[in-house]
Amino acid sequence: MIVIGSGAAHLMEEIVRAGVELANVEIKKFPDGEKYVRVLSSGEEATVIQSMYKPQDENIVEALILGDALRGRGFDKLRLVVPYLAYSRQDRVTKEGEPVSVRAVMKALGIYYDELYVVDVHNPRTLRFFPGKAANISPARAISEYFREKLGEGIVLAPDKGARERAKAVAERLGLEFSHFEKRRISPTEVRMRPVDIDVEGKNVLIVDDIISTGGTMIKAANLLREMGAKRVFVAATHGVFAEGAIERVGKAVDELAVTNTIPTPVSRISIVHDILGL
Ligand code: R5P
């Protein structure tokens, strides 16, 4: 039985089309803005799908109170599927006194849920903060299928070394070469970005990352590829967090920008519903 939270309402139609059984749940807001949920179905096992984009904190609290309500209804086993996990980038202390925010979120979710599945979590090592079973859901199948024809015999690049595994997963499905950009310090004031050990001249290139926020990373990479003679430049990311104006800025710099539907945006053209239901 599937429970769809407010943060995943945009996926409802596709989930229903897939023929899964939806729980009967009421979700609304009190006049003061607090959330109210009520679970009317009963059963033994349930999977809550809740994406945690803006309003992030509200979507996290809703996942918690849905868990509480489901336990109250006697559900014995609860899974939580999170298309976009908020706070995932706050995964280390950089200044004394800061929290590891993603740890706090995962621990809180662990009070109610036995299993946690996150689509393309920013840092897979953070899944260990969840007290139960936790796993990453890769968007590689969805992204590679979307770009297969457009990319042809092209190459796949990650904008930095940290995203290399993402580029590799997509490239392997397409049977293409992959690499990543590296940053080299040329002088105290100049840092140069270059793709490592790969020739982009005359080739179609797909740049893959987990998150686009301001778009700065992707625009810089795309401009460099153009200077180096790349043919067509495509950009894909799992989570379109998009700061104000970012879609337009990235869109202008590349041949196509497409993200998955973990967060609903005007360019969320790649569906991960198949992947989150295939658990
Ligand atoms: C960073 O660690 C992430 O993986 C993305 O590369 C980053 O969030 C992109 O940010 P922006 O779009 O602001 O350059």
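The values are calculated or read from the model by the stated rules, or taken from the named source; none is laboratory data. As the structure is a prediction and not an experimental result, all values here were calculated from the model. Backbone-built Cβ (ideal geometry, glycine too); neighbour counts: all protein chains shown.
Some points to look at:
- Residue list for the stretch 146-169, filter: under 17 Å from the mean Cα position of the chain (by Cα), of a type outside the set (D, E, K, R) and within 15 Å of the ligand (Cβ to nearest atom): 158, 159, 162, 163, 167, 169
- Single match in 215, 154, 175, 202 (criterion: surrounded by 14 or more Cβ atoms within 10 Å (Cβ to Cβ) and over 26 Å from residue 241 (Cα atoms)): 154
- Residue in the stretch 265-272 that is at pLDDT below 95 and either closer than 30 Å to residue 49 by Cα or within 12 Å of the chain's Cα centre (by Cα) (or both) present: no
- Beta carbons closer than 6 Å, at least 6 apart along the sequence or on distinct chains, pair a first residue in the stretch 193-221 that is farther than 18 Å from residue 175 by Cβ with a second that is of a type in the set (Asp, Glu) and within 16 Å of the ligand (Cβ to nearest atom) for 196/182; 210/120.
- Single condition residue 137 does not satisfy, out of (1) under 21 Å from the mean Cα position of the chain (by Cα); (2) loosely packed, with under 14 Cβ neighbours inside 10 Å: (2)
- Single residue of 157, 206, 225, 127 found to be in contact with a Gly (Cβ under 9 Å, 6 or more places away or on another chain) and either modelled with pLDDT of 95 or more or part of a helix (DSSP H, G or I) (or both): 206
- For the stretch 218-229, the set of residues classified as surrounded by 18 or more Cβ atoms within 10 Å (Cβ to Cβ) and within 12 Å of the ligand (Cβ to nearest atom) consists of 218, 219, 221, 222, listed by residue number.
- For the stretch 180-215, the set of residues classified as within 16 Å of the ligand (Cβ to nearest atom), under 14 Å from residue 226 (Cα atoms) and not hydrophobic (A, V, I, L, M, F, W, C) consists of 195 only.
- Some residue of the stretch 230-252 being at pLDDT below 95 and within 16 Å of the ligand (Cβ to nearest atom): no
- Contacts under 9 angstrom Cβ, first residue in the stretch 139-150 being in contact (Cβ under 8 Å) with a residue 12 or more places away in the chain, partner of a type in the set (Lys, Arg) and not in a helix (DSSP H, G or I), 6 or more apart: 146/269; 150/232
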